[in-house]
Amino acid sequence: MAIEKSSIMPDRHERETLTTVDPKLTIQITDDGSRTLRTNEGGYTFHSCSGALTETRHVYFHNSGVEERISARLDTSVLEIGLGTSMAMLMTVDAAIANGTPLRYVAIEQAWLPAQIMNQLQCDSWVSDPDLVHRYMSWRERLEVKHGRELPFGPAIYGWDAGAQQRIQIHLADASDWNSDSEPFDAIYFDPFAPQDNPGLWSGPMLKKMHSMVRPGGTLVTYCVKREIRDRLSEVGFDVQKAPGPVGGKREVLVGRKP
Ligand SMILES: C[S@@+](CC[C@H](N)C(=O)[O-])C[C@H]1O[C@@H](n2cnc3c(N)ncnc32)[C@H](O)[C@@H]1O
């Protein structure tokens, strides 16, 4: 993601970074104060440096229609491609619990992020109920102990009941090979690294698979507005629209709707 974003919006000022216990990852402080990760090799950031939290709220939670569904207490199902730091997941679950909305959230991720690094991200500042994050981190730590911290420990499915009606499934898998055996989703948060860095996840067959996993009227949202990606999404059957980007971030982002 970073390459595309940074080529569109060059850094105007030096942003603070912090080291992590993993020599392959650095913490990046973004412009809204929230923290994200940067890979040392390749320099891919997990979120926009203009504001990770602002981007996640706008591009995924809001533009997908999930925010509106959760506020209206409509049963909601979300598929996320690229769980990463869990920011989008925690934001969505937090809102679902606060509104008493049933939620099914399935996240696909190929690399398990150790709790020790997640703790450095100050995830509890992303949500209204910090206890949600404490419970999530305890769950992840227990899994890591169980699996001997030998990462990654997949492919596998890990389920976490975040609340009485909020069910999370993390599929530790390569999203290119992954298939859903459940009901189609209301929304897909499509958040791999940029097409030039993660081409397989932006291929026609992958996007066609995504289309088959959304219910009619549902959405696929992403930060990437490249012409070839818009064309590919149209070819597989989405109605594709550019939407204004988050405050301080990209000018435009993308919403695909399944007719
Ligand atoms: C831009 S980050 C996602 C950020 C995330 N949505 C968040 O809220 O933190 C992209 C993520 O996709 C994951 N990823 C890359 N290739 C993948 C693949 N083939 N299958 C599953 N996950 C993949 C990376 O490990 C990384 O965590």
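Residues of region 114-126 being under 22 Å from THR54 (Cα atoms) and open to solvent by less than 20 Å² (accessible area, probe 1.4 Å), which ones?
Hits for region 114-126 are ILE117, MET118, LEU121, CYS123, TRP126.
Here is a yes/no grid of residues against (1) within 12 Å of the ligand (Cβ to nearest atom); (2) open to solvent by 20 Å² or more (accessible area, probe 1.4 Å); (3) in contact (Cβ under 8 Å) with a residue 60 or more places away in the chain:
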residue	(1), (2), (3)
GLN169	no, yes, yes
SER180	no, yes, yes
TYR189	yes, no, yes
PHE193	yes, yes, yes
TRP202	yes, no, no
MET206	yes, no, no
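Identify all residues within region 62-81 that are surrounded by fewer than 21 Cβ atoms within 10 Å (Cβ to Cβ) and within 16 Å of the ligand (Cβ to nearest atom); write none if there are none.
HIS62, GLU67
Could you grab the pairs with beta carbons closer than 7 Å, sequence gap of 6+ or different chains, first residue in region 70-93 and farther than 14 Å from TYR136 by Cα, second one near the ligand (Cβ under 6 Å from one of its atoms) and of a type in the set (Gly, Ala, Ser)?
GLU80/ALA88; ILE81/ALA175
Restricting to region 244-259, what's the tally of residues that are closer than 21 Å to PHE185 by Cα and open to solvent by less than 30 Å² (accessible area, probe 1.4 Å)?
So the count comes out to 4.
Considering every residue within region 147-159, establish whether at least one is touching a residue at least 24 places away in the same chain (Cβ under 8 Å) and touching a Ser or Thr at 6+ places or on another chain (Cβ under 8 Å).
no
For region 180-195, what are the residues that are modelled with pLDDT of 95 or more and of a type outside the set (D, E, K, R)?
Listed by number, the residues that qualify are PRO184, PHE185, ALA187, ILE188, TYR189, PHE190, PRO192, PHE193, ALA194, PRO195.
The values are calculated or read from the model by the stated rules, or taken from the named source; none is laboratory data. Since we're looking at a predicted model, the values are computed, not measured. Heads up, the Cβs are rebuilt from the backbone with ideal geometry, glycines too, and the neighbour counts pull from every protein chain shown. Areas reflect the complete protein model, heavy atoms only, side chains present, ligands, DNA and RNA absent. Shrake-Rupley method; radii C 1.70, N 1.55, O 1.52, S 1.80 Å.
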